[in-house]
Amino acid sequence: MDWMAERADQRARPTGLWPGLRSILVLAMSYRPDDDPLALTARTDRGAVAAYAQRRDYHEVLKGRLKELGGYLSAKGDVRVKVFCDTAPVMEKTLAEAAGLGWQGKHTVLISREHGNWLLLGAIYTSAEFEPDPPGRDHCGSCRACLDICPTDAFPAPYRLDARRCISYLTIEHPGPIPEAFRPAIGNRVFGCDDCLAVCPWNKFARTAAENRLAARADLAAPALKDLAALDDAAFRRFFAGTPVKRTGRDRFLRNVMIAIGNSGNPDLAETAMARLADTSPLVRGMAVWACSRLLGQEAVESLYRRFGVGETDVHVRDEWRASGLTGVGVGETSAA
């Protein structure tokens, strides 16, 4: 998360990003899902993809809309505009609250009384002068639903998020092996997490997303873990083309899939995990070891080590073999026992 500290002055002071700035227009677009995302977490043979990622990459859709409005403003006179949608050091949530779109809830996500918290945000910086709207007011009250449901206790206090514990960060941004302490809590979440969003009571007023270009893909609603685990790099790129998932890359994604398989408690998926013990990515191999150790008995794991683990050169994968509880072999051997 080092990028958060970069250009911090421009995040805190918008005119540091563009000295010609006079007003900021903040816009929101709803992506409220049709179904309850929490229901999918019980289907352990399926992967749970965050609702926003089950559709076309919102950066493209929302930025296109921002450009349309920006062009309209420019055509009205000597007005300059710059549009941003996760493409610059812009504090979208803080600005959205200041613009009256809603307030940052206890889960740190923007909440609207009219549209709930399923919102995508973008901003237009402009040289035009606009009368500011009244800022949003906090309406969370004593509710703690979003804090209490978090599987990894990522909220040390209301309105504070520890990204190092957040499943969305761990499954999307975190580049290496996910710490073992968090793996069981990830469940079948293979890309992001919607739990704190799904329980917000303000969602009862939200309408299903109306933008056709943000329609959810049916094949991403509950993809089978077995099918996801079989994706090579080319197949991964084809399947997730045009979605936010593609940007994470195949290896990180399959790391998550292996964790979901390990959490499934389904021995029938053990063979699927075994197939990835020889994967070209050490990140995938390591999580496949963990999955197999969760689904198979000790004797089977030791047999797999002799087939796949002997001669392993990656330190993290060797650590996974060692953590699997091998007793009959010594990790680090260079030839089969």
Residue list for region 58-96, restricted to those being in contact with a strand residue (DSSP E or B) (Cβ under 7 Å, 6 or more places away or on another chain) and without any contact (Cβ under 8 Å) to a residue 12 or more places away in the chain:
Ser74
For a quick check of your reading: which helices (runs of 4 or more DSSP H) sit entirely within region 1-115 and have at least 2 residues that are in contact with a Pro (Cβ under 7 Å, 6 or more places away or on another chain) and closer than 27 Å to Asp162 by Cβ?
8-12, 92-98
Matching option when the condition is surrounded by fewer than 18 Cβ atoms within 10 Å (Cβ to Cβ) and at pLDDT below 95, among Arg13, Arg56:
Arg13
Phe308 is checked against (1) of a type in the set (Phe, Trp, Tyr); (2) under 24 Å from Thr41 (Cα atoms); (3) without any contact (Cβ under 8 Å) to a residue 60 or more places away in the chain and fails just one. What number does that condition carry?
(2)
Any idea which of Ala39, Ala28, Ala5, Ala50 is in contact with a strand residue (DSSP E or B) (Cβ under 9 Å, 6 or more places away or on another chain), small (Gly, Ala, Ser) and over 30 Å from Val79 (Cβ atoms)?
Ala50
Output yes when any residue across region 152-159 is of a type in the set (D, E, K, R) and over 22 Å from Leu170 (Cα atoms), and no when none is.
no
Restricting attention to region 203-220, does a residue exist that is polar (S, T, N, Q), in a loop (DSSP other than H, G, I, E, B), touching a residue at least 24 places away in the same chain (Cβ under 8 Å) and surrounded by fewer than 21 Cβ atoms within 10 Å (Cβ to Cβ)?
yes
Please find, within region 125-135, the residue that is surrounded by the most Cβ atoms within 10 Å (Cβ to Cβ) out of those that are out of contact with any Phe, Trp or Tyr (no Cβ under 8 Å at 6 or more places or on another chain) and of a type outside the set (D, E, K, R).
Thr126
Report those helices (runs of 4 or more DSSP H) wholly inside region 230-337 carrying at least 3 residues which are more than 23 Å from the chain's Cα centre (by Cα) and modelled with pLDDT of 95 or more.
270-274, 282-295, 298-304, 315-323
Given Ala48, Ala42, which one is crowded, with 19+ Cβ neighbours inside 10 Å, within 22 Å of the chain's Cα centre (by Cα), at pLDDT 90 or above and over 25 Å from Phe130 (Cα atoms)?
Ala48
What residue, among those in region 172-189 that are over 21 Å from Leu161 (Cβ atoms) and out of contact with any Ser or Thr (no Cβ under 7 Å at 6 or more places or on another chain), is surrounded by the most Cβ atoms within 10 Å (Cβ to Cβ)?
Pro177
In region 242-280, the residues that are of a type in the set (A, V, I, L, M) and surrounded by 18 or more Cβ atoms within 10 Å (Cβ to Cβ)
Val245, Leu254, Val257, Met258, Ile259, Ala260, Ile261, Leu269, Ala270, Ala273, Met274, Leu277
Within region 136-152, can you find the residues that are surrounded by 13 or more Cβ atoms within 10 Å (Cβ to Cβ) and either on the phi > 0 side of the Ramachandran plot or not charged (D, E, K, R) (or both)?
Gly136, His139, Cys140, Cys143, Ala145, Cys146, Leu147, Ile149, Cys150, Pro151, Thr152
With respect to Ala99, is the statement that it is in contact (Cβ under 8 Å) with a residue 24 or more places away in the chain and out of contact with any helix residue (DSSP H, G or I) (no Cβ under 8 Å at 6 or more places or on another chain) true?
yes
Return the only residue of Pro151, Pro134 being closer than 30 Å to Gly20 by Cβ, in a loop (DSSP other than H, G, I, E, B) and without any contact (Cβ under 8 Å) to a residue 60 or more places away in the chain.
Pro134
Please determine, by comparing only the residues of region 13-50 that are free of Cβ contacts under 8 Å to residues at least 12 places away in the same chain and of a type in the set (A, V, I, L, M), which one is farthest from Ala215 (Cα to Cα).
Ala42
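The values are calculated or read from the model by the stated rules, or taken from the named source; none is laboratory data. All values reported here derive from a predicted model rather than from experimental measurement. Methodologically, a virtual Cβ is constructed for each residue, glycine included, from the backbone with ideal geometry; neighbour enumeration extends over all protein chains shown.
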